[in-house]
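Undergrad: Right, I'll just put the structure down here and ask away after.
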Amino acid sequence: MTEPGKRPTAVLFACGMNAVRSPMAAAIASALFPGRVYVKSAGVKRGDRDPFVDQVMAEIGMDTSRHQPRTFEDLDESGFDLVVTLAPEAHHKALELTRTEAVDVEYWPTMDPTLATGSRDQILDSYRTVRDQLMMRIKKRLDWTPPPSG
């Protein structure tokens, strides 16, 4: 459990399949806080890798190509200060799994870009929107400040 105004040291991002939203969030948080925040992701079910995720993350210089979807049960660690859930089913699962632990669980309703229809570009735009929303939310919640330029 983190004190108000204090950055958590270990964060778990969770969604339904651990294929799109939670791996994006984990990659973003890991890139913004290298060596400062321990970050993992998981899903209620194990989904399949999504090539659109790799493409939109590569656009901002982040490589998600080695991500392998995993479930809560696949995690071999606990002790997270914060669990951020990005889908209702993940929120219910996280609350169930952490009910005896001192951990903050926050629900960030996040659109599922896999439901987007239209052209390839329109679908990619929905993935970019989710990526950019997660970026803003993570920066705000974890109190990111840009490194000093020099």
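Undergrad: Yes or no: segment 104-115 includes at least one residue that is touching a strand residue (DSSP E or B) at 6+ places or on another chain (Cβ under 6 Å), part of a helix (DSSP H, G or I) and either free of Cβ contacts under 8 Å to residues at least 12 places away in the same chain or aromatic (F, W, Y) (or both).
TA: no
Undergrad: Inspect all residues belonging to segment 84-97 and state whether any of them is assigned to a loop (DSSP other than H, G, I, E, B) and not aliphatic (A, V, I, L, M).
TA: Checked against the condition, which is being assigned to a loop (DSSP other than H, G, I, E, B) and not aliphatic (A, V, I, L, M), segment 84-97 yields no hits at all.
Undergrad: Residues being touching a residue at least 24 places away in the same chain (Cβ under 8 Å) and either over 18 Å from V39 (Cα atoms) or assigned to a loop (DSSP other than H, G, I, E, B) (or both): count how many of those fall in segment 116-143.
TA: Total satisfying the criteria: 7.
Undergrad: What residue, of F52, F13, is buried (at least 23 other Cβ atoms within 10 Å of the Cβ), at pLDDT 95 or above, of a type in the set (F, W, Y) and under 26 Å from S126 (Cα atoms)?
TA: The conditions single out F13.
Undergrad: So the check is Cβ under 6 Å with 6+ separation or different chains; which pairs have a first residue in segment 67-90 that's surrounded by fewer than 19 Cβ atoms within 10 Å (Cβ to Cβ) and a second one that's among the aliphatic types (A, V, I, L, M) and in a loop (DSSP other than H, G, I, E, B)?
TA: Correct list of pairs: E89/V44.
Undergrad: Could you run through segment 59-83 and say how many residues are under 20 Å from I138 (Cβ atoms) and not in a loop (DSSP other than H, G, I, E, B)?
TA: So the answer is 2.
Undergrad: List every residue pair whose Cβ atoms lie under 8 Å apart, where the two residues are 6 or more positions apart in sequence or sit on different chains, the first residue falls within segment 41-61 and is in contact (Cβ under 8 Å) with a residue 12 or more places away in the chain, and the second residue, located anywhere, is aromatic (F, W, Y) and assigned to a helix (DSSP H, G or I).
TA: A42/F72; G43/F72; V44/F72; F52/Y127; V53/Y127; Q55/Y127; V56/Y127
Undergrad: Considering each of A58, A116 in turn, give the residue that is hydrophobic (A, V, I, L, M, F, W, C), surrounded by 12 or more Cβ atoms within 10 Å (Cβ to Cβ) and touching a Phe, Trp or Tyr at 6+ places or on another chain (Cβ under 9 Å).
TA: After applying the criteria, what remains is A116.
Undergrad: Considering (1) under 19 Å from L32 (Cβ atoms); (2) touching a Lys or Arg at 6+ places or on another chain (Cβ under 6 Å); (3) not in a helix (DSSP H, G or I), say which one V56 fails and leave the rest.
TA: That leaves (3) as the condition not met.
Undergrad: Considering only residues of segment 106-147 that are hydrophobic (A, V, I, L, M, F, W, C) and over 13 Å from the mean Cα position of the chain (by Cα), which is nearest to N18 (Cα to Cα)?
TA: Per the criteria, the residue is L115.
Undergrad: Being basic (K, R) and within 18 Å of M24 (Cβ to Cβ) narrows it down to one of R99, R120, R70, so name that one.
TA: R70
Undergrad: Quick one: is F80 of a type outside the set (S, T, Y) and in contact with a Leu (Cβ under 6 Å, 6 or more places away or on another chain)?
TA: yes
The values are calculated or read from the model by the stated rules, or taken from the named source; none is laboratory data. Since the model is a prediction, treat every value here as computed from it, not as a measurement. We place every Cβ from the backbone using ideal geometry, glycine too, and count neighbours over all the protein chains shown.
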